[in-house]
Amino acid sequence: MDKFQGIGFQQHWETLDWDDLSLRINSKTPADVERALNASHVSREDFMALISPAALPYLEPMAQKAQQLTRQRFGNTVSFFAPLYLSNLCANDCTYCGFSMSNKLKRKTLDALEIARECDALNALGFKHLLLVTGEHSARVGMDYFRRHIPAIRQQFSSLMMEVQPLAQEEYGELKALGLDGVLVYQETYHAPTYALHHLRGKKQDFFWRLETPDRLGRAGIDKIGLGALFGLSNNWRTDSYMVAEHLFYLQQTYWQSRYSVAFPRLRPCAGGIQPASILNEKQLVQLICAFRLFAPDIELSLSTRESPDFRDHVVPVAITTVSAGSKTQPGGYADEKAELEQFSPHDNRTPASVAAALIDAGLQPVWKDWDMHFGRNSPCNFYGK
């Protein structure tokens with residue numbers, strides 16, 4: 001077992017050579033894949049084999065084993081959450097994002113009344129798990145904004161996560177005290193030259209500040225930390241996904257008190273958007289999801305409305321444990337739809353009830369609320385209905 005005590009992930013990342021990893025992944029053989037499938041514990045070297053081109057013919061046994069592990073760890077349940085976009089203000093210029101400061105779109109930040117309307121609409125849809133999302137604009141949508149609004153939002157929902165600009169450790173500690181349960185922070189790509197190519201202005205240009213955000217989250221004692229890469233941004237989705245696995249392994253060893261999740265976003269159409277540098281097709285995405293389940297049987301795997309209804313209906317029963325549904329990617333979108341403000345165009349536009357019905361037809365149990373804040377943060381309960 002690797003020992004990472006006393007170092008941050010940046011120091012570990014610096015020991016990983018992108019080109020060498022790419023060659024090692026592509027050199028894996030069918031024998032390596034079979035060895036990984038038969039392993040009682042999938043190592044990082046095994047994970048390389050499972051995401052390699054050699055593993056694609058083994059998709060069926062990978063899916064069978066992934067589904068078996070998922071049912072063992074999570075039963076038949078799938079948790080629902082909704083993203084609540086609070087603002088599309090952004091002080092960064094990123095080539096792939098609809099919120100980029102260079103894009104000419106109407107900017108909006110929700111005030112207290114508008115947030116209350118959004119919360120009412122989300123409650124009416126049945127959601128009790130919420131992900132707060134903003135563009136990265138610390139002056140207008142930073143800690144002062146969060147201090148004003150998070151306590152009122154938290155009172156209406158059973159769990160609260162955030163996907164906002166990276167913050168300092170002490171700020172995460174303060175947000176935890178206000179009721180924050182988890183943070184999603186996607187590196188976008190772990191390939192520094194590609195990262196620099198797509199982040200043109202703003203604090204998001206600082207690759208290492210973002211890279212070490214999960215370390216600050218772990219030190220602040222945040223309950224759940226979400227990882228991921230934006231597949232299609234770099235020219236090698238396999239190497240980026242391996243870097244996610246390295247990051248996950250490091251974090252699990254270093255901040256074992258926290259829980260972890262991994263998501264699988266692919267580039268989607270947006271204002272000013274770019275063409276993917278590498279294509280992760282649906283069959284390969286299934287391969288990647290199964291590989292992560294075999295590598296990390298106990299973590300949450302999430303699939304968003306970026307993917308099509310048909311794809312989600314077929315893949316969620318295999319290994320996914322958390323889904324969004326009915327997502328609106330613009331501020332105020334649940335109470336008052338205005339598509340011109342959106343960050344990206346969702347592919348699965350079904351209502352939450354329709355998504356839940358499809359999962360029930362597949363023999364799964366949608367979970368809208370799996371614990372109650374009145375019983376304490378670490379006390380789960382079984383509230384499966386709306």
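Just for segment 83-98: of the residues that are in contact with a Lys or Arg (Cβ under 8 Å, 6 or more places away or on another chain) and either among the hydrophobic types (A, V, I, L, M, F, W, C) or farther than 21 Å from THR305 by Cβ (or both), which one is most open to solvent (accessible area, probe 1.4 Å)?
Once the filter is applied, the top-ranked residue is ALA91.
Could you check how many residues of segment 9-50 are of a type in the set (A, V, I, L, M, F, W, C) and within 28 Å of ARG216 (Cβ to Cβ)?
Qualifying residue count, segment 9-50: 6.
On the basis of being among the acidic types (Asp, Glu) and either closer than 21 Å to ARG293 by Cβ or assigned to a loop (DSSP other than H, G, I, E, B) (or both), does ASP240 make the cut?
The answer is yes for ASP240.
Step by step: first the residues of segment 14-27, then only those that are within 24 Å of GLN253 (Cβ to Cβ) and not hydroxyl-bearing (Ser, Thr, Tyr), then the one that is most open to solvent (accessible area, probe 1.4 Å). Which residue is that?
GLU14
Name every residue in segment 258-275 that is modelled with pLDDT under 95 and either of a type in the set (Asp, Glu) or open to solvent by 50 Å² or more (accessible area, probe 1.4 Å) (or both), in order of residue number.
ARG268, PRO269, ALA271, GLY272, ILE274, GLN275
Any residue at all in segment 99-118 that is open to solvent by less than 20 Å² (accessible area, probe 1.4 Å), part of a helix (DSSP H, G or I) and either under 18 Å from THR351 (Cβ atoms) or touching a residue at least 40 places away in the same chain (Cβ under 8 Å) (or both)?
Yes, because at least one residue in segment 99-118 is open to solvent by less than 20 Å² (accessible area, probe 1.4 Å), part of a helix (DSSP H, G or I) and either under 18 Å from THR351 (Cβ atoms) or touching a residue at least 40 places away in the same chain (Cβ under 8 Å) (or both).
Just name the residue that is modelled with the lowest pLDDT out of those in segment 352-386 that are open to solvent by 70 Å² or more (accessible area, probe 1.4 Å) and hydrophobic (A, V, I, L, M, F, W, C).
Among those residues, the one meeting the criterion is PHE383.
If we keep just the residues of segment 323-351 that are farther than 18 Å from LEU230 by Cβ and polar (S, T, N, Q), which is modelled with the highest pLDDT?
THR351
From the list SER241, SER234, SER278, which one is at pLDDT below 95, among the polar types (S, T, N, Q) and over 19 Å from MET162 (Cα atoms)?
Every option except SER278 fails the conditions.
Only one of PHE74, PHE80 is under 24 Å from the mean Cα position of the chain (by Cα) and open to solvent by 40 Å² or more (accessible area, probe 1.4 Å); which?
Only one candidate qualifies: PHE74.
In a strand (DSSP E or B), closer than 22 Å to PHE81 by Cα and of a type in the set (Val, Ile, Thr) - does that describe any residue in segment 176-197?
Among the residues of segment 176-197, at least one is in a strand (DSSP E or B), closer than 22 Å to PHE81 by Cα and of a type in the set (Val, Ile, Thr), which makes the answer yes.
The values are calculated or read from the model by the stated rules, or taken from the named source; none is laboratory data. Just so we're clear, the structure is a prediction, and the values are computed from it rather than from any experiment. Counting neighbours? That spans all protein chains shown, and the Cβs are built from the backbone with ideal geometry, glycine included. Remember, those area values only see protein heavy atoms, side chains included, never the ligands or the DNA or RNA. Shrake-Rupley method; radii C 1.70, N 1.55, O 1.52, S 1.80 Å.
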